[in-house]
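Provided herewith is a single structure, encoded as structure tokens, for subsequent inquiry.
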């Protein structure tokens, strides 16, 4: 025990001494900030449950990908050092211990603070045991007619191999024995709870809704599936499997990539188990069997309290129920872009010949982008459409417009990224639809993931005049998420952007080597180098007594080389402010390293998704925005782009964007030197919530925006 304490103290000391914060531990801190959103008592119970459900789906993805990635190293016997210097096994225990603590805190808050509010809001999640006789009969009827025919018990014994149990699915392990067998050997049968049925059976009485969990209905009627045998125990559990393919990616770019991807999607369904959630006091015999079968120990086992609910993402059925529609937050309608007051009344083709348009979603609608694509699909003068797609909506207006454009005889080129995590199958399906319609479809570029967001429309106007309409963005071509993801998009016909984007498409769809771009910075070619050069210039300006300053807004910050450049700039006297929504490996405010660096995180009603890089440049600011976070994957393993804003008014808009983010005192958290976060104090100032204030920005506010 004493040795264990010493080891733990050494691990903590090693972590504290490192100039870098663990990516994965920092991510867990981010999920705590999301959980904080469920604690806002000024929100309805339904909006609070929404954030709780987000923490659950976040945690699933974290275990599937990040924990899965760690197990790639462990299972394949490969060496790995975390950013804090820990080797694979000590870090595994540390990471799972911290994940366990989050899971406990998440369940505790649900039980003690959210669940007691259900009754007064017109609903309950009702245990089967508390149903009236009449309600029990209704539920039994539902079980017999709907659920029972769908259930398939899968026995595991000396005659049957261990079944492949599905990832992220509610499962029941039923331990039985046959009284007619002399040895009375125990057997376990597994039942997968149907995923295509509602999570809850709804009983409505006197304007009150009882939500009965489907797993409880099955548990209490499971005897119908096991006749003439003794049921010893029925155990609810759930698993996360490794869904990270990092070490399995094919190096052979000539291989049939689509078939390779389909194979890996199947692997995700049968990959090694990294987390097992189970109800309290599960059958010890079954648990020993599962731990041996899946090579798990006590660190991988997560116990859900009896008063809680397994898999909070199932609460979406409650949250989105039509009876509670008026109790959920209604988001404001979008406002018109500052430099496009004619939206909805003018021909966008003509407006873009006169000026660039900056869109700030969700405060501005995505409608101008959709309108441009839909007009292009039907316009007889449009010759071609080229686009990169990372994620699209399920019923996508974007792909519908591209299909129509192809049907109308236009040349349509689509770079469809089928490696977009968890959207692979949707993207494969949509890409194949486009291909059948005659579009030129590219499914990724070799081993790189295409994450950039670009659109190019070529239109012939007159005898010899051709205009190129360009859209560059930080966000996906997904009209559904654009309503609550904060992103920036630029619509333009300027030749400088059109030339860069045309060149870029030639590079990613053909075998061209680019000349120097004028307004684009791209990866994996030179993004890290160019950003490092911009940081070094700020450091040199500070040393020469010129004005300097850096403000960067990102989703995630992990790249060590860029972190080291910022440390060096801080030591040269540059004031650096970072706005990082998610995980951040940079350690701010460390003596002799990063005294001049501050980090804040904005987590609130909207998901902050835009990336902005601001460099003071001796009083003549350079402002870039685009698709890339400061991540190793973004610089080395993805096709990304950042674009320079050259229009003064649009640049001012983005500078004001950063200014508002730094001013926010409602959604902001301040990162401490040790990697923890505290809610930003208002210091007596009135509340400033950017998710409300951006609806009221004026031209005058924009033109007066300053950062340094």
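Given (1) part of a loop (DSSP other than H, G, I, E, B); (2) on the phi < 0 side of the Ramachandran plot, where does residue 498 come up short, assuming only one miss?
Here residue 498 meets the rest and fails (1).
From the list 337, 380, which residue is in a loop (DSSP other than H, G, I, E, B), over 22 Å from the mean Cα position of the chain (by Cα) and surrounded by 15 or more Cβ atoms within 10 Å (Cβ to Cβ)?
From the options 337, 380, the qualifying one is 337.
Mind checking which strands (runs of 3 or more DSSP E) fall wholly inside the range 416-488 and carry at least 2 residues that are in contact with a strand residue (DSSP E or B) (Cβ under 6 Å, 6 or more places away or on another chain) and at pLDDT below 90?
Strands (runs of 3 or more DSSP E) meeting the threshold: 440-442.
Take the conditions in a strand (DSSP E or B), farther than 20 Å from residue 500 by Cα and outside the structural domain of residue 612 (by TED's automatic domain parsing) and apply them to residue 360. Does it pass?
yes
For the list (1) under 30 Å from residue 378 (Cβ atoms); (2) exposed (fewer than 12 other Cβ atoms within 10 Å of the Cβ), I need the number of the one condition that residue 329 fails.
(1)
When you go through 54, 12, 65 one by one, which is the residue that is loosely packed, with under 15 Cβ neighbours inside 10 Å and either part of a helix (DSSP H, G or I) or modelled with pLDDT of 90 or more (or both)?
When all the criteria are applied, what remains is 12.
Every residue, every condition in (1) surrounded by fewer than 18 Cβ atoms within 10 Å (Cβ to Cβ); (2) more than 12 Å from residue 601 (Cβ to Cβ); (3) in the same structural domain as residue 588 (by TED's automatic domain parsing), yes or no:
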| position | (1), (2), (3) |
| --- | --- |
| 665 | yes, yes, yes |
| 669 | no, no, yes |
| 672 | yes, no, yes |
| 676 | yes, no, yes |
| 682 | yes, yes, yes |
| 688 | yes, yes, yes |
| 691 | no, yes, yes |
| 694 | no, yes, yes |
| 697 | no, yes, yes |
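Quick check: is even one residue across the range 633-642 part of a loop (DSSP other than H, G, I, E, B), surrounded by fewer than 22 Cβ atoms within 10 Å (Cβ to Cβ), in the same structural domain as residue 575 (by TED's automatic domain parsing) and within 24 Å of the chain's Cα centre (by Cα)?
Yes: one or more hits.
If you take the residues of the range 659-683 that are part of a helix (DSSP H, G or I) and free of Cβ contacts under 8 Å to residues at least 40 places away in the same chain, which of them is nearest to residue 694 (Cα to Cα)?
660
Out of the strands (runs of 3 or more DSSP E) lying entirely within the range 552-616, which hold 3 or more residues that are surrounded by fewer than 21 Cβ atoms within 10 Å (Cβ to Cβ)?
Output list is empty.
Of all residues in the range 71-123, which are under 23 Å from the mean Cα position of the chain (by Cα) and outside any helix (DSSP H, G or I)?
Residues satisfying the conditions are 82, 83.
Go through the range 181-214 and count every residue that is free of Cβ contacts under 8 Å to residues at least 12 places away in the same chain, under 20 Å from residue 158 (Cα atoms) and either part of a strand (DSSP E or B) or out of contact with any strand residue (DSSP E or B) (no Cβ under 7 Å at 6 or more places or on another chain) (or both).
So the count comes out to 3.
Does residue 507 satisfy being free of Cβ contacts under 8 Å to residues at least 60 places away in the same chain, outside any strand (DSSP E or B) and surrounded by fewer than 23 Cβ atoms within 10 Å (Cβ to Cβ)?
Considered against the rule, which asks whether it is free of Cβ contacts under 8 Å to residues at least 60 places away in the same chain, outside any strand (DSSP E or B) and surrounded by fewer than 23 Cβ atoms within 10 Å (Cβ to Cβ), residue 507 comes out as yes.
Here is a follow-up. Go through the range 18-43 residue by residue and tally those that are without any contact (Cβ under 8 Å) to a residue 12 or more places away in the chain and more than 20 Å from residue 600 (Cβ to Cβ).
2
From the list 473, 447, 502, which residue is out of contact with any helix residue (DSSP H, G or I) (no Cβ under 7 Å at 6 or more places or on another chain) and either without any contact (Cβ under 8 Å) to a residue 24 or more places away in the chain or within 25 Å of residue 334 (Cα to Cα) (or both)?
473
Please determine, by comparing only the residues of the range 145-178 that are outside any strand (DSSP E or B) and without any contact (Cβ under 8 Å) to a residue 24 or more places away in the chain, which one is nearest to residue 237 (Cα to Cα).
The residue in question is 161.
Same structure again: Residue 539 fails exactly one of the following numbered conditions: (1) touching a strand residue (DSSP E or B) at 6+ places or on another chain (Cβ under 7 Å); (2) part of a helix (DSSP H, G or I). What is the number of that condition?
(1)
Which of the residues spanning the range 660-679 are out of contact with any strand residue (DSSP E or B) (no Cβ under 7 Å at 6 or more places or on another chain) and under 19 Å from residue 21 (Cα atoms)?
673, 674, 675, 676
Could you check the range 622-636 and list, in sequence order, the residues that are touching a residue at least 60 places away in the same chain (Cβ under 8 Å) and closer than 20 Å to residue 358 by Cα?
Those that are touching a residue at least 60 places away in the same chain (Cβ under 8 Å) and closer than 20 Å to residue 358 by Cα: 622, 624, 625, 626, 627, 628.
Sort through 139, 155, 175 and tell me the only one that's closer than 18 Å to residue 228 by Cβ, in contact with a strand residue (DSSP E or B) (Cβ under 7 Å, 6 or more places away or on another chain) and at pLDDT 95 or above.
Sole residue among the options that is closer than 18 Å to residue 228 by Cβ, in contact with a strand residue (DSSP E or B) (Cβ under 7 Å, 6 or more places away or on another chain) and at pLDDT 95 or above: 175.
Return the only residue of 276, 296, 315 being within 29 Å of the chain's Cα centre (by Cα) and in a loop (DSSP other than H, G, I, E, B).
After applying the criteria, what remains is 296.
The values are calculated or read from the model by the stated rules, or taken from the named source; none is laboratory data. Just so it is clear, the model here is predicted, and its values are computed rather than measured. Ideal geometry is used to build each Cβ from the backbone, glycine not excepted, and the neighbour counts take in all protein chains shown.
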